Amino acid sequence: MPSGLGQLALPNLHGTPQDTADLRRFLIWVPDPRGHRGRRYPMLPLLCAAAAAVLAGARSLVAIGEWTTDAPPSVLGDLGFPPDPLTGIRAVPHPATIRRLLQRLDGDALDAAIGAYLRARTTPPQPSEPPSKSALRAISVDGKTVRGSRTRTTTAIQLLAAMDHHGVVLAQRQIASKSNEIPAFQPLLDAIDLTGSVLTGDALHTQHGHGAYLRKRGAHYLAIVKKNRPGLYAQVRKLPWVEIPLDHHTRDKAHHRDEIRRLKVAAFRHLDYPGALQALQVVRWRRDLSTGKLTIERVYLITSLNVYDATPAELAAWIRGHWGIENLLHHVRDRTFREDDSKIRTGALPRTMASLRNLAISVFRQNGKTNIAAALRHTSRDHTRPLRALGLT
């Protein structure tokens with residue numbers, strides 16, 4: 001298991017996005033796992049080449065090697081590959097050189113550097129966002145199993161990620177092989193400034209320790225309550241919801257179904273959870289337009305937000321936006337980058353490739369790209385485009 005995120009001392013960089021857009025300023029803090037003897041290429045150009053290749057659509061180590069081999073001399077110079085002192089020619093590393101480096105990297109250190117780089121960039125406001133009375137930043141926490149990483153002797157690698165609701169990955173951590181997401185929750189968020197944020201997660205993370213930790217860090221939460229917390233679930237479910245007026249409702253028609261979502265909010269200060277001030281009930285009515293089948297689902301939540309912190313419309317948007325981590329991150333890695341079909345299993349390679357994919361997806365989202373597949377195709381047509389996106393030129 002790699003070392004913890006907190007062991008990497010990243011610089012405290014501030015300034016405009018242009019001042020902190022150079023990926024090298026963050027990757028330089030990733031330790032080089034190679035021995036001092038026989039290093040022909042510096043680590044930083046190799047890492048930058050791998051990151052740029054993934055931004056250009058490389059799905060595998062072979063594709064990363066091919067992109068680097070095809071790079072013109074000017075691009076190799078921007079990446080930092082040194083010229084030969086006699087001929088001036090910049091030698092191209094063999095794909096095996098990049099592979100050996102990536103499979104030995106400290107995954108926590110790489111994720112910390114990538115997360116710090118993405119947090120230093122500015123996410124532009126989305127034109128479709130409704131006006132907000134609060135300045136809270138919504139962050140989703142959810143895990144994913146990298147299925148292609150399973151071997152005969154080891155289980156598949158599990159990764160826990162924190163992503164803002166714009167689709168930018170702020171942090172990622174590998175879950176221990178004989179553990180689950182719960183112990184990794186707090187170490188994952190230790191690297192992020194949570195002040196003025198609202199955290200959303202699934203019912204697994206509705207833990208007293210998590211709630212107390214978030215309030216201590218200056219963050220709010222929207223926590224789903226299910227039967228894995230029987231006492232709290234019974235307390236919330238038995239509230240007089242029939243008598244509570246409707247606060248917000250929406251109706252959408254998409255994906256061959258008609259959906260109505262109704263939200264009720266009740267201020268309640270005696271909930272058995274740290275800092276909980278309100279309980280919520282969400283009722284989802286879904287009708288399949290092809291079969292006519294109707295399903296009704298009730299979901300209960302609790303939050304540390306009071307009635308003055310956020311409107312019912314904002315609460316509804318954050319609840320629904322939590323599942324964006326599935327659509328904006330996990331689904332893209334599976335479908336666009338074919339992550340679950342990958343056969344990469346050696347060393348830290350599965351996690352390293354996942355981290356580079358997070359970087360590519362997040363940079364595109366921060367640059368206003370909504371179609372990641374189209375963004376990859378556009379970037380792949382010019383070797384200088386991924387370098388400009390990463391601030392390497």
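The values are calculated or read from the model by the stated rules, or taken from the named source; none is laboratory data. Source: prediction; values computed, not measured. Because the Cβ atoms are built from the backbone with ideal geometry, glycine has one as well, and the counts that use them run over all protein chains shown. These accessible areas exclude ligands, DNA and RNA; they are computed on the full protein's heavy atoms, side chains included. Shrake-Rupley method; radii C 1.70, N 1.55, O 1.52, S 1.80 Å.
Computed extension length for Glu243-Ala266: 7.2 nm, one decimal, from 0.36 nm per residue of separation with the Cα-Cα distance subtracted. Convex hull volume of the C-alpha atoms in segment 28-168, normalised per residue: 164 Å³. Helix 349-366 versus the longest principal axis of the chain: what is the Cα-based angle in degrees, 0 to 90, to the nearest 10? With rounding to tens, the tilt is 70 degrees. Helix 43-55 axis versus longest C-alpha principal axis of the chain: approximately 60°, rounded to the nearest ten.
Computed from the alpha carbon atoms alone, the convex hull of segment 270-393 holds 228 Å³ per residue. Of the residues His205, His256, His165, ranked by 1.4 Å probe accessible area with the largest first, the sequence reads His256, His165, His205. Heavy atoms of the protein chains alone define the surface here; on that basis the chain has 48 Å² accessible area per residue at 1.4 Å probe size. Estimated from helices alone, the mean residue ellipticity of the chain at 222 nm is -9500 deg cm²/dmol (sum of -39500 (n - 2.57) over DSSP H runs with n ≥ 4, per residue). For the chain, the share of accessible area belonging to carbon and sulfur comes to 52 percent (1.4 Å probe, ligands and nucleic acids excluded). The convex hull around the C-alpha trace of segment 196-340, projected and averaged over every direction, spans 10.5 square nanometres.
Across segment 53-88, the residues whose backbone nitrogen lies under 16 Å from the label position 7 Å along the beta-carbon direction of Thr393 are 53-57, 67-81. Here segment 180-205 is scanned for amide nitrogen atoms under 20 Å from the site 7 Å beyond the Cα of Asn228 along Cα-to-Cβ, giving 180-190, 199-205. In a solvent-free Debye calculation with one equal scatterer on each Cα, what is log10 I(q)/I(0) for segment 298-364 at q = 0.12, 0.16, 0.23 Å⁻¹, listed in the order of the q values? Reported log10 I(q)/I(0), two decimals: -0.51, -0.70, -0.96. GNM on the chain, alpha-carbon springs under 10 angstrom: the most fluctuating residue among Asn371, Asn327, Asn228 is Asn228. For segment 59-111, the direction-averaged projected area of the alpha-carbon convex hull comes to 4.5 nm².
Computed over segment 24-65, the P(r) tail beyond 16 angstrom holds 44 percent of alpha carbon pairs.
For the chain, the convex hull drawn through the C-alpha positions has a volume of 162 cubic angstrom per residue.
Based on the Kirkwood radius over alpha-carbon pairs, what is the Stokes-Einstein translational diffusion coefficient of segment 125-268 at 20 °C with 1.002 mPa s viscosity, in µm²/s? In µm²/s, the coefficient is 120.
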